[in-house]
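Heads up: the structure comes next, in structure tokens.
The values are calculated or read from the model by the stated rules, or taken from the named source; none is laboratory data. Because the structure is a prediction, the values reported are computed rather than measured. Methodologically, a virtual Cβ is constructed for each residue, glycine included, from the backbone with ideal geometry; neighbour enumeration extends over all protein chains shown.
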Amino acid sequence: MKLDIDIKQLANGVTIGCGILCILEIAVALILSAVKLIKFYPLLIAASIGGTVVIVMCFWWMASALQRSLDKEKDGGEQVKKGVTTGYNKRLMAQGIWIVISIFVPKAIYGDFVSVITICGLLPLLFPRIAILGLQKTGRIIQ
């Protein structure tokens, strides 16, 4: 399956935006730990990168589900709705699994709930929306 140029441009833009936001998140965490506002944990970087990878994969999954649904559009609108709904539910499940991992893995490793690591793992779930807003503000995509 080949993605339409518009869908591919959006997915590429969101991927780049999420990568930039991930680097920014890690830099802010390192700065905050350098000034002793938070305690630095090596898992903090892994959580940020892991969350970014999960959400970017979910976004590409959404793009491919959307493309498949658009390809089936000639068969009827019901197929499109069903395809989009199925893709949405699978992406929501993948994100839910990442949320559970972000909460319980730091607890299992450090023996206590570590909110900084959990936040760094969950914050990337907001990155696609922020990246899309950035793309819209710069005029790279039309609202």
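Could you check the range 94-112 and list, in sequence order, the residues that are small (Gly, Ala, Ser) and under 30 Å from Met62 (Cα atoms)?
Result: Ala94, Gly96, Ser102.
Is it true that Phe59 is closer than 17 Å to Ile26 by Cβ and either among the aromatic types (Phe, Trp, Tyr) or part of a loop (DSSP other than H, G, I, E, B) (or both)?
Answer is no for this residue.
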Problem set entry | Scope the range 3-61; condition closer than 13 Å to Ile119 by Cβ, surrounded by 14 or more Cβ atoms within 10 Å (Cβ to Cβ), touching a residue at least 60 places away in the same chain (Cβ under 8 Å) and more than 19 Å from the chain's Cα centre (by Cα); matching residues | Ile38, Tyr41
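Can you tell me which of Ile117, Ile97 is within 30 Å of Ser33 (Cα to Cα) and surrounded by fewer than 16 Cβ atoms within 10 Å (Cβ to Cβ)?
Within the list Ile117, Ile97, the selection yields Ile97.
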Problem set entry | Conditions (1) farther than 18 Å from Val14 by Cα; (2) hydrophobic (A, V, I, L, M, F, W, C); (3) buried (at least 17 other Cβ atoms within 10 Å of the Cβ); number of the one not met by Phe127 | (1)
Seminar exercise, completed: Log entry, pairs with first residue in the range 115-143 being within 16 Å of Cys18 (Cα to Cα), second being surrounded by 17 or more Cβ atoms within 10 Å (Cβ to Cβ) and of a type in the set (S, T, N, Q), beta carbons closer than 8 Å, six or more apart or on different chains, reads Cys120/Ser48; Gly121/Ser48; Gly121/Ser102; Leu122/Ser102; Leu123/Ser48; Pro124/Ser48; Pro124/Thr52; Phe127/Thr52
Exercise. Which one of these does Lys2 not meet: (1) part of a helix (DSSP H, G or I); (2) charged (D, E, K, R); (3) within 30 Å of Arg140 (Cα to Cα)?
Worked result: (1)
Problem set entry | Residue among Gln67, Gln136, Gln143 that is more than 12 Å from the chain's Cα centre (by Cα), part of a loop (DSSP other than H, G, I, E, B) and at pLDDT below 95 | Gln143
